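**Student:** Dumping the structure here so I can ask a few things about it.
We did not get these values from a lab; they are worked out from the coordinates using the rules stated. This structure is a prediction, so every number in the text was calculated from the model and none was measured. In this analysis, Cβ positions are derived from the backbone assuming ideal geometry, glycine residues included, and neighbour counts consider all displayed protein chains.
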Amino acid sequence: MSVTAPPLARQRTGGLLVAGVFGVCAVAAAVAAGTFTAQESVPGIPMPGPFVTVGLPVVRVLLDLAAVAVVGLSLLPKLLGFDAPERTEPVLLRVRPLAVIAAWVWAICALLTIVLQTAELNPGGVPTFGMIAAYVGDVGTGQGLLFSAACALAAAGIGLMAVRFGEKVPAELRVIVALFGLLPIPVTGHAVNSVWHDPIMISMEIHVMGAAAWSGGLVATAAFLAPHRDLLAVALPRFSRLATLCLLLVGLSGLVTGLGTMALTPGVTLPDAIVTSHYGLLVVVKTALVAALVPLAAHIRFRLLPAVRQGRATALARWATAEVGVMGLAYGVAVAITRASIA
């Protein structure tokens, strides 16, 4: 006689699977793409060891995942609303501590990234405090990561207040602090020395914040609300509208950033650089992944959402798992893009 798991247990397992797939796909894509873009060793010039070569993209993608988690978990109260605390509070009691943990992971990964990038610039030895301080003082990437770590610690502090006082701590404040911590992230990528530097940076920041809100909101919604049809019927329509806006912003800003960076880099000509450089090829791959998200997102919005509104059982967890899996791959490729050669 076979034993079938209760529907609620299966839904909870499916929700947790969404978050796991997102992380695994992102790390795997970052390592694979990082290997593709790795520079060949040159005789007589010391190269970073495997610990730095592999560890740096892994830690960097973990930084991104933790930041996405903070944004998504902070958005969840806004998606649920505040009209029925007796139904939403049991879920939010689990969400708030996780947001604090994710913020701490974000801060730690940002600081570890500084150490690993210092080691990358000083191969052959262990980074000293002086080396790290010089890197932060002289390189914009180090300063951006330090600021991002500070914002993550601020998010952790505000999150602890939310754990203590609940929704008396405005959800808007948590979302704003988390998104503010994402602003320095584009500084850690390629710089453009041009009068178009500021527009390109703004496009990068829009891209990063839109992707975090979209992916973080989807993971949080599927992972925590899939077992609760009544809450899902409230939150998913609100998230769907947000996701549509984010999709448009992410797609447009990604193309502007990628093509603009190549067009404004000295010695690089378009369209040749799209297929002759690691950077261009990775931009093509990431664009294809974003395009693949369109039918997945459309299916959830136009096929599953009407059933969710009516409180019927759906395959939301499975479709959300597929969507966040593609999102995870895109995040991993994005980390590799920041380290790829444009020329």
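**Student:** Full-extension gain between ASP138 and VAL284, please, as 0.36 nm times their residue separation minus the C-alpha to C-alpha distance.
**Tutor:** Net length gain for the segment: 49.3 nm.
**Student:** Okay, moving on. What angle, in degrees between 0 and 90 and rounded to the nearest 10, separates the Cα long axis of helix 229-263 from the longest principal axis of the Cα atoms of the chain?
**Tutor:** With rounding to tens, the tilt is 20 degrees.
**Student:** On to the next question. Work out how much length PHE165 to PHE180 would gain on full extension: take 0.36 nm times their residue separation and subtract the Cα-Cα distance, in nm to one decimal.
**Tutor:** So the chain would gain 3.1 nm between PHE165 and PHE180.
**Student:** Using a Gaussian network model on the chain with a 10 Å cutoff between Cα atoms, which of VAL268, VAL70, VAL333 fluctuates the most?
**Tutor:** VAL268
**Student:** Determine the calculated [θ] at 222 nm for the chain from helices alone, applying -39500 (n - 2.57) to every DSSP H run no shorter than 4 residues and normalising by the residue count; nearest 500 deg cm²/dmol.
**Tutor:** -27000 deg cm²/dmol
**Student:** Each residue of segment 108-120 in turn: what ³J(HN,Hα) in whole Hz from Karplus with 6.51, -1.76, 1.60 and θ = phi - 60°, glycine and Pro shown as x?
**Tutor:** 5, 5, 4, 5, 5, 4, 4, 5, 5, 5, 5, 5, 5
**Student:** Let me ask something else. Could you identify which residue out of ALA29, ALA84, ALA330 has the top mean-square fluctuation in a GNM of the chain using Cα springs shorter than 10 Å?
**Tutor:** The residue that fluctuates most here is ALA84.
**Student:** Let me ask you something else. Any idea which of LEU305, VAL21, PRO57 is furthest toward the positive side of the dipole for the chain, if Lys and Arg beta-carbons carry +1 and Asp and Glu beta-carbons -1?
**Tutor:** The one lying farthest along the dipole's positive direction is LEU305.
**Student:** With +1 on the Cβ of every Lys and Arg and -1 on the Cβ of every Asp and Glu, and nothing else charged, how large is the dipole of segment 248-332 about its Cα centre, in debye rounded to the nearest 20?
**Tutor:** 540
**Student:** OK, next. Could you check which residue among ARG60, ARG241, ARG301 shows the biggest mean-square fluctuation in a GNM of the chain with a 10 Å Cα cutoff?
**Tutor:** ARG241
**Student:** Just to confirm the number: angle between the C-alpha axis of helix 278-299 and the first principal axis of the chain, 0 to 90 degrees, nearest 10?
**Tutor:** The helix 278-299 is inclined about 10 degrees to the chain.
**Student:** With +1 on the Cβ of every Lys and Arg and -1 on the Cβ of every Asp and Glu, and nothing else charged, how large is the dipole of the chain about its Cα centre, in debye rounded to the nearest 20?
**Tutor:** Roughly 1260 debye for the chain.
**Student:** Please report, in Å, the Rg and the Dmax of the chain, where both are computed over Cα atoms only.
**Tutor:** That works out to 20.7, 72 Å for Rg and Dmax.
**Student:** So what's the angle, to the nearest 10 degrees on a 0 to 90 scale, between helix 50-80 and the longest Cα principal axis of the chain?
**Tutor:** Tilt relative to the chain: about 30 degrees.
**Student:** Using just the Cα positions, wrap segment 196-287 in a convex hull and report its mean projected area in square nanometres, one decimal place.
**Tutor:** 6.7
**Student:** Quickly work out the ALA307-to-TRP104 label distance, labels modelled 7 Å from Cα along the C-beta direction, and quote it in nm with one decimal.
**Tutor:** 4.0
**Student:** Which FRET efficiency value, to the nearest 0.05, is calculated for LEU121 and ALA84 with the Förster distance at 51 angstrom and r the Cβ-Cβ distance?
**Tutor:** Between LEU121 and ALA84 the formula returns 0.45.
**Student:** While we're on this one: When only alpha-carbon atoms are used, what values of Rg and Dmax, in angstrom, describe segment 244-330?
**Tutor:** 17.0, 57
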